[in-house]
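These notes concern the structure reproduced below.
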Amino acid sequence: MMKKSSLAYLTMLLVIILGSYMWYLQPERALSWAAAMFVLPAGTIFLLFIQKIENPEKRVKSANKIHLGMIGGGLILATALLAGIADHLTLFNAEAGEISDRAIGAIYGVILAVYANFIPKSAASAKKQSMLRFGGWVFVLAGLGYAIAWMISPFENADTVSVAIMGSGLALVLGRVGWAYIKKCDSPPNPGA
């Protein structure tokens, strides 16, 4: 299995290569490509500061978090750059900008699904845990639905469909929170508290 640090640096190299190619294809947007290429190397600067942490366990934990962030950010940037290359080279029979928009929409959905997966893992009381688990599941499914809507819906409807899916998920979670609040207000006060 590849180490997180190696994968982080490979991802960074991939983004730099793709950004350089986009710079070649569209030199008028050089500042955008330069920003994309130098975001991840900036993360390595934080690794230099981490070396000053005396506690080895904290140092390794912090470095792992930065490497995971570099991998996640690198994959997002690489996907967006690949979509830009596909758009520019008209590799697909699509309108200008369609592939990029679809890729960005799918990325947003996947990001929400990944973050939502961590919601139930946060520390909470037993009563709150079921609500967090419900919210996590709903937002994971809404995020995946959002991503899938951007990938398979007709382009002119993808925005509407994806927002409807996300809004439905939000309404479900807000309804569950409201129901729990009403249920709590209706219950008699605890005399031992």
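The values are calculated or read from the model by the stated rules, or taken from the named source; none is laboratory data. Since the model is a prediction, treat every value here as computed from it, not as a measurement. Here the Cβ positions follow ideal geometry from the backbone for every residue, glycine too, while neighbour counts run over all protein chains shown.
Tabulated data
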read-out	value
Residue count for region 62-76, restricted to those that are buried (at least 21 other Cβ atoms within 10 Å of the Cβ) and in contact with a Gly (Cβ under 8 Å, 6 or more places away or on another chain)	1
In region 87-103, the residues that are in contact (Cβ under 8 Å) with a residue 12 or more places away in the chain and surrounded by fewer than 17 Cβ atoms within 10 Å (Cβ to Cβ)	88, 89, 94, 95
Of all residues making up region 1-31, the number that are hydroxyl-bearing (Ser, Thr, Tyr), more than 17 Å from residue 86 (Cα to Cα) and either surrounded by 15 or more Cβ atoms within 10 Å (Cβ to Cβ) or outside the structural domain of residue 87 (by TED's automatic domain parsing) (or both)	3
Scan of region 72-129 for residues that are among the β-branched types (Val, Ile, Thr), in a helix (DSSP H, G or I) and farther than 21 Å from residue 162 by Cα, ordered by number	85, 119
